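Visitor: Got a structure for you, written out below as structure tokens; questions coming shortly.
The values are calculated or read from the model by the stated rules, or taken from the named source; none is laboratory data. These numbers come from a predicted model, not from an experiment. Here the Cβ positions follow ideal geometry from the backbone for every residue, glycine too, while neighbour counts run over all protein chains shown. These accessible areas exclude ligands, DNA and RNA; they are computed on the full protein's heavy atoms, side chains included. Shrake-Rupley method; radii C 1.70, N 1.55, O 1.52, S 1.80 Å.
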Amino acid sequence: MNAPIPCLACPLRPLPGFKQLPPEILASISAQKTGQLRLPAGAVILAEGEASDRLFTLLSGWAFRFMTLSDGRRQILNILLPGDLIGLQGELMAASTHGVETLTDVSLCVFARDSLWTFYRDHPSLALDVTWLAAHEERIVDEAVLSVGRRTALERIAALLVHIHKRATGAGLAREGSVPFPLTQIHVADALGLSPVHTNRVLQRLRRNGLVRLEGGRLAIGDLSALQRVARYWEQPTQQRPLL
């Protein structure tokens with residue numbers, strides 16, 4: 001466990017995609033941090049079936065939230081990017097019904113889970129922010145359910161690529177027209193209920209049509225509006241996100 005970066009020095013907070021907070025609120029958040037954790041790619045942040053007394057904010061790197069069946073089949077529920085709060089889902093203090101694993105090397109801000117009570121008691125505006133984060137997570141999962149339940153394979157993959165591109169751009173990760181894309185085709189398949197073979201075919205089709213470029217672990221979209229039409233992706237206004 002490393003000494004935490006003070007909230008006033010957080011590299012994410014100046015980004016336009018995140019909500020700005022007054023110094024006294026930042027000081028309260030910083031006081032609740034218990035440390036900063038670094039983990040390599042492929043590490044477990046939260047294990048399925050185990051209770052955790054900690055919450056995490058993903059400061060850098062990528063992770064994913066998932067559930068598995070008894071035979072090992074996995075459903076990825078959400079891709080986690082810098083700024084996301086980890087451990088809020090599920091019943092407080094109960095065993096987790098899902099797991100969280102790192103996609104890349106990550107850095108995490110660590111909070112005691114009972115710090116939520118402090119935020120709710122002392123800072124109603126922070127309580128509202130936590131509620132917003134929970135509702136935002138539910139909206140992302142709703143979109144994933146729509147994809148798996150009703151979108152075609154082409155629409156599913158197009159929607160996922162649009163979603164990741166928009167979120168990565170909002171997290172300040174866009175560089176020269178592209179964003180990081182650490183997902184393998186197996187990750188994409190597990191997120192969308194497809195086979196890896198079918199996933200590969202659809203991605204090749206999108207490449208041939210000039211809609212996407214996936215090279216060197218980065219994603220570039222040739223025509224975002226066109227890809228959104230393919231995905232039947234409902235454009236929503238971009239909102240500044242709370243950051244704990």
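Visitor: Given R₀ = 45 Å, what would the calculated FRET efficiency be for ASN209 paired with ALA47, taking r from the Cβ atoms and rounding to 0.05?
Guide: Efficiency computed from Cβ-Cβ geometry: 0.65.
Visitor: Ok, one more. Which loop-located GluC sites (Glu not before Pro) does the stretch 146-234 contain, where loop means any DSSP state but H, G, I, E or B and the Cβ has at most 14 other Cβ atoms within 10 Å?
Guide: Those that pass, being in a loop and sparsely packed, are GLU176.
Visitor: Simple spin-label model, 7 Å along Cα-to-Cβ: HIS136 to ARG38 in nm?
Guide: 2.7
Visitor: Give me the net charge of ASP190's neighbourhood, meaning all other residues with Cβ under 9 Å from the Cβ of ASP190; Lys, Arg count +1, Asp, Glu -1.
Guide: Surrounding charge for ASP190 is +2.
Visitor: What are the residues whose amide H is under 5 Å from the amide H of GLY83, where those residues sit 5 or more places off or on another chain and H is modelled from the backbone?
Guide: LEU58, LEU59
Visitor: Now, a different point. Under the Karplus relation 6.51 cos²θ - 1.76 cosθ + 1.60, θ = phi - 60°, what is the ordered set of whole-Hz ³J(HN,Hα) values for the stretch 35-42, x standing for Gly and Pro?
Guide: Running phi through 6.51 cos²θ - 1.76 cosθ + 1.60 with θ = phi - 60° gives x, 9, 10, 10, 9, x, 4, x Hz.
Visitor: Once phi is turned into ³J(HN,Hα) by the Karplus curve 6.51 cos²θ - 1.76 cosθ + 1.60 with θ = phi - 60°, what whole-Hz value does each residue of the stretch 205-212 show in order, with x for glycine and proline?
Guide: Working through the residues one at a time gives 5, 5, 5, 4, 7, x, 7, 9 Hz.
Visitor: Report relative contact order for the chain in percent, whole number only (criteria: Cα-Cα under 8 Å, sequence separation at least 6).
Guide: So the answer I get is 22 percent.
Visitor: Hey, can you grab everything whose amide H is under 5 Å from the amide H of LEU77? Only 5+ residues off in sequence or another chain; H modelled, so Pro and N-termini drop out.
Guide: Here ARG65, PHE66, MET67 satisfy the definition.
Visitor: I would also like to ask the following. Would you mind telling me the share, in percent, of accessible area of the stretch 149-194 contributed by carbon and sulfur at probe 1.4 angstrom?
Guide: Carbon with sulfur: 56 percent of the solvent-accessible area.
Visitor: I would also like to ask the following. Provide the per-residue ³J(HN,Hα) series for the stretch 156-173, in order, calculated from phi with Karplus coefficients 6.51, -1.76, 1.60 and θ = phi - 60°, each as a whole number of Hz, with x at glycine and proline positions.
Guide: Once θ is set to phi - 60°, the couplings for the stretch 156-173 become 4, 5, 4, 5, 5, 5, 4, 4, 5, 4, 5, 5, 5, 5, x, 8, x, 9 Hz.
Visitor: Also, quick follow-up: Any chance you could give the angle, 0 to 90 degrees and rounded to 10, that helix 124-150 forms with the longest Cα principal axis of the chain?
Guide: Taking the Cα atoms of the chain, the angle to 124-150 is about 20 degrees.
Visitor: In terms of modelled amide H atoms, which long-range or inter-chain residues lie less than 5 Å from the amide H of PHE181?
Guide: Distant-sequence amide H within range of PHE181: ARG218, LEU219.
Visitor: Could you list the trypsin sites (Lys or Arg not before Pro) in the stretch 28-82 that lie in coil according to DSSP, counting only those with at most 10 other Cβ atoms within 10 Å of their Cβ?
Guide: ARG73
Visitor: In Å², what does the accessible area per residue of the chain work out to with a 1.4 Å probe?
Guide: 49
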